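This report refers to the structure that appears directly beneath it.
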Amino acid sequence: MFNQLSERITKVIKNISGQGKLTEENIKDALREVRIALLEADVALPVVKQFLQEVQTQALGADVLVKLNPEQVFIKIVHDELIKIMGNANEGLNLNTQPPAVILMAGLQGSGKTTTCAKLAKYLQESLNKKVMLASADIYRPAAIHQLETLANQVNTLFHPSHAHQNPIDIAKSALEEAKKNVVDVLIFDTAGRLHIDDEMMQEIKHIHATLSPIETLFVVDSMTGQDCANTTKAFDEALPLTGVVLTKTDGDARGGAALSIRYISNKPIKFMGTGEKIEALQPFHPDRVASRILGMGDILTLVEEVQKKADVKESEKLAKKIQVGKFDLEDYRKQLLQMNNMGGVAGLLDKLPGFSGLPSGLKDKVNDKMFVQIGAIIDSMTPKEKKYPDIIRGSRKKRIAMGSGTQIQDVNRVLKQYDKMRTMMKKMSSKGGMLKMMRNLKNMLPPGSLPPGEF
């Protein structure tokens with residue numbers, strides 16, 4: 001997310017860094033470029049105007065103009081204003097009510113609403129230790145009810161069955177009653193989506209809302225629709241008292257106009273964002289962290305949280321012992337890659353590291369799940385001895401492995417080279433200053449000229 005916007009703004013900041021200090025002239029030049037970047041990112045025009053006005057007022061202040069580090073000053077001003085536009089701080093779910101706390105999910109068809117229900121259930125179970133039940137009143141799409149039931153089984157949560165011939169209000173009443181009987185903490189209720197906002201849809205969801213009296217009414221919107229989703233949120237809020245927004249498909253949104261427009265246009269906070277297709281790919285929306293990523297400053301806090309939640313601690317301890325005695329082999333390499341993939345893959349990790357979010361979009365696209373599949377196929381085509389002692393893999397062995405994995409010899413060479421670099425990196429991780437060295441080595445694994453100069 002924000003790839004294009006981040007690239008443009010990073011270039012603006014680099015241009016300013018070559019100046020001795022901030023002046024009215026270079027500020028106006030910078031803001032002109034920022035304006036183009038925001039409009040290209042499909043940010044709503046009122047938001048662009050407000051943002052630029054605030055940045056200009058701050059940047060032209062008497063105290064700022066005498067500063068001798070224009071890059072840092074400008075970054076701080078832009079960073080602070082981005083946070084303001086997006087809502088200052090994360091607004092979590094309000095579940096402070098007599099159980100079951102009801103969360104009503106609304107949205108247009110195709111927004112990812114049903115999948116988001118399951119993602120939210122998993123988040124509540126794992127992060128807040130809540131007992132959750134899922135229910136659906138999407139009687140117009142029976143497949144959606146079946147989909148939610150399948151997802152409920154996948155995340156190991158309760159599901160209240162419903163059928164296409166039932167009345168949505170009756171489903172709401174029975175779901176609430178069953179949630180009470182099962183002493184459920186949170187009932188997540190999925191509603192029918194439409195291709196557009198219409199009176200019939202609004203009347204139905206109003207009746208459901210009155211029946212359930214939800215403490216949270218979340219509007220699920222597709223970030224790929226850009227600033228349009230901000231206007232849709234505003235229109236929906238006029239008919240239903242929304243408490244927040246869930247922004248979906250942010251992993252496929254290179255522009256970011258939705259995230260920067262919703263709060264200002266609709267006055268509703270973004271509470272969560274979907275970051276991928278996997279069921280665990282849902283994160284609380286932190287404006288300060290998102291602003292840092294836009295400015296190429298990474299998102300270390302989210303990365304640390306993901307490592308704590310998703311890394312296999314026991315496996316990592318075993319690996320650490322093997323590294324200490326110099327026994328890091330290709331099977332260990334594969335396990336490390338799987339852990340990285342579980343945390344969003346290499347591209348997802350790089351996005352959260354300072355200095356790496358500015359990677360060209362084309363390069364990031366190459367670092368994807370297909371890469372992990374190919375590496376796995378290559379390693380699977382090796383003998384146990386080759387996996388344990390990769391240095392013996394030469395000539396005819398490489399040819400056999402390439403044929404067995406359906407790849408080319410150069411692909412095998414690349415995997416062996418990457419393994420060797422990771423092995424070296426792992427050794428350095430155990431020494432003093434290991435993290436910084438890891439960052440430098442990770443940078444060296446990428447093509448020359450991929451990163452902005454001066455990082456790490």
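Yes or no, residue by residue, for (1) modelled with pLDDT of 70 or more; (2) not in a loop (DSSP other than H, G, I, E, B):
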position: E315; (1), (2): no, yes
position: K321; (1), (2): no, yes
position: D332; (1), (2): yes, yes
position: L338; (1), (2): yes, yes
position: N341; (1), (2): no, yes
position: P354; (1), (2): no, no
position: V373; (1), (2): yes, yes
position: K387; (1), (2): yes, yes
position: D391; (1), (2): yes, yes
Report task. Can you confirm whether the range 160-183 contains a residue that is in contact with an Asp or Glu (Cβ under 6 Å, 6 or more places away or on another chain), closer than 17 Å to F219 by Cα and modelled with pLDDT of 90 or more? Result -> no
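Okay, residues lined up against (1) closer than 20 Å to A44 by Cα; (2) among the small types (G, A, S):
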residue	(1), (2)
H163	no, no
P168	no, no
D190	no, no
E204	no, no
S213	no, yes
T225	yes, no
A230	yes, yes
A235	yes, yes
K249	yes, no
Requested in this report: Could you please let me know if N441 is at pLDDT below 80, of a type in the set (S, T, N, Q) and more than 26 Å from I9 (Cβ to Cβ)?
Outcome: yes
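Taking the range 88-106 as the search range and keeping residues that are over 23 Å from the mean Cα position of the chain (by Cα) and surrounded by fewer than 17 Cβ atoms within 10 Å (Cβ to Cβ), which one is nearest to P168 (Cα to Cα)? Outline the logic, then answer.
Restricting attention to the range 88-106, the residues satisfying the condition of being over 23 Å from the mean Cα position of the chain (by Cα) are 95-102.
If we keep only those that are surrounded by fewer than 17 Cβ atoms within 10 Å (Cβ to Cβ) as well, we get 96-99.
Working: N96: 26, T97: 24, Q98: 23, P99: 22 Å.
The extreme case among them is P99.
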Query raised in the report: When you go through (1) within 21 Å of the chain's Cα centre (by Cα); (2) buried (at least 20 other Cβ atoms within 10 Å of the Cβ); (3) farther than 22 Å from L187 by Cα one by one for T248, which number turns out not to apply?
Result: (3)
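Rundown of residues vs (1) buried (at least 22 other Cβ atoms within 10 Å of the Cβ); (2) part of a helix (DSSP H, G or I); (3) assigned by TED's automatic domain parsing to the domain that holds L218; (4) free of Cβ contacts under 8 Å to residues at least 24 places away in the same chain, yes/no style:
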site: K130; (1), (2), (3), (4): no, no, yes, no
site: L148; (1), (2), (3), (4): yes, yes, yes, no
site: S162; (1), (2), (3), (4): yes, no, yes, no
site: A179; (1), (2), (3), (4): yes, yes, yes, no
site: L187; (1), (2), (3), (4): yes, no, yes, no
site: R194; (1), (2), (3), (4): no, no, yes, no
Report task. Tell me which residues, restricted to the range 373-429, are more than 17 Å from D329 (Cβ to Cβ) and among the hydroxyl-bearing types (S, T, Y). Result -> S396, S405, T407
Query - Of all residues in the range 295-311 being within 23 Å of V34 (Cα to Cα) and over 13 Å from the mean Cα position of the chain (by Cα), the one that is modelled with the highest pLDDT - result: L295
Requested in this report: May I ask you to say which residue of L120, L82, L93 is closer than 17 Å to L247 by Cβ and in the same structural domain as F51 (by TED's automatic domain parsing)?
Outcome: L82
Query raised in the report: Under the condition of being under 12 Å from the mean Cα position of the chain (by Cα) and polar (S, T, N, Q), which residue from the range 251-284 is farthest from K84 (Cα to Cα)?
Result: T275
Report summary line: Checked the range 68-112 for anything part of a helix (DSSP H, G or I), within 23 Å of N267 (Cβ to Cβ) and charged (D, E, K, R); matches are D80, E81, K84
Report summary line: Over the range 241-266, the set of residues at pLDDT 85 or above, out of contact with any helix residue (DSSP H, G or I) (no Cβ under 6 Å at 6 or more places or on another chain) and either not hydroxyl-bearing (S, T, Y) or not assigned by TED's automatic domain parsing to the domain that holds I205 (or both) is P241, L242, G244
Report summary line: When every residue in the range 78-103 that is of a type in the set (G, A, S) and in contact with a strand residue (DSSP E or B) (Cβ under 9 Å, 6 or more places away or on another chain) is compared, the one farthest from Q50 (Cα to Cα) is A101
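The values are calculated or read from the model by the stated rules, or taken from the named source; none is laboratory data. Source: prediction; values computed, not measured. Neighbour counts run over all protein chains shown; Cβ positions are idealised from the backbone, glycine included.
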